[in-house]
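Below is one structure, written out as structure tokens; the observations come after it.
Please treat every number below as a calculation from the coordinates, not as lab data. Just so it is clear, the model here is predicted, and its values are computed rather than measured. Heads up, the Cβs are rebuilt from the backbone with ideal geometry, glycines too, and the neighbour counts pull from every protein chain shown.
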């Protein structure tokens, strides 16, 4: 059940968390630790950027062009100090891009296909567009969703909470976004990225054989649900 945290107090021996549930009822939790991860900003202090004339944005990010080159031609920047999601795998792809640019190649990164993962329990993962983004862009889409509760593997391991949702173009059936919550989602999202990298349709994924029993079956079933509501096991 999702909660909205209202207050966190360190009492010395433990952490007292006050929150409200989906019914707006107040609940409290006692914990040994509380991890707070909000308000992240690019850590450029101490880099002495002004000394070499590197420009930064209003948010403190280092300005770069499409090749991650700064306004100082022999200096490139990647990762948390440039625009975009603060993700290690995004920085890795940017590092490879810079190396390939220096080698005279013509690489490209599709930032829309950089997956995001929240390593909580259950895990949360997503890639591509959200429904809100598609609505704002005026893109007609269809949606298919499949619950983990209907998976044999999830039932065997008692990881029943969660689902996979696939958003596909209403006309072409191309997968535009995949969102999931549940066990192993940090691993499952890679299949969605692979499909979208090759511009697969929901029908393409629905026709792929998935081993049984596995968590990945939820992706196949969600793809079936997105193509004329054809999920097999609901």
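To the nearest Å, what is the center-to-center distance of the stretch 120-193 and the stretch 54-111, using C-alpha atoms only? So the separation of the two Cα centres works out to 29 Å. The stretch 49-109 has equivalent-ellipsoid semi-axes of 19, 15, 8 Å, by the square roots of 5 times the alpha carbon gyration tensor eigenvalues, sorted largest first. As a check on your grasp of the helix formula, calculate [θ] at 222 nm for the chain: sum -39500 (n - 2.57) over DSSP H runs of n ≥ 4, divide by the residue count, round to the nearest 500. Calculated from helices alone, the mean residue ellipticity at 222 nm is -7000 deg cm²/dmol. Between residue 155 and residue 4, the FRET efficiency estimated from the beta carbon spacing at R0 = 35 angstrom works out to 0.70.
For the peptides 201-212, 163-174, 17-28, 93-104, residues were scored by their other Cβ atoms within 10 Å and the scores averaged per peptide; the highest-first order is 163-174, 201-212, 93-104, 17-28. As a rough guide to protection, the peptides 116-127, 131-142 ranked by mean Cβ packing within 10 Å, highest first, stand as 116-127, 131-142.
Global dimensions of the chain from alpha-carbon coordinates: Rg and Dmax equal 21.5, 63 Å. Here the average projected area of the convex hull drawn through the C-alpha atoms of the stretch 97-234 stands at 9.5 nm².
Express the Stokes-Einstein translational diffusion coefficient of the stretch 28-164 in µm² s⁻¹, to the nearest whole number, given a Kirkwood radius over alpha-carbon pairs, 10 °C and a viscosity of 1.306 mPa s.
Details: Rh = 18.8 Å.
Reported coefficient: 85 µm²/s.
Sort 34-40, 220-226 for me by packing, meaning the mean count of neighbouring Cβ atoms within 10 Å per residue, highest on top. Don't skip to the answer; put the middle values down first.
Numbers: 34-40: 7.1, 220-226: 26.4.
By packing density, highest mean first, the sequence is 220-226, 34-40.
In the chain, Cα pairs under 8 Å separated by at least six residues give a relative contact order of 12 percent.
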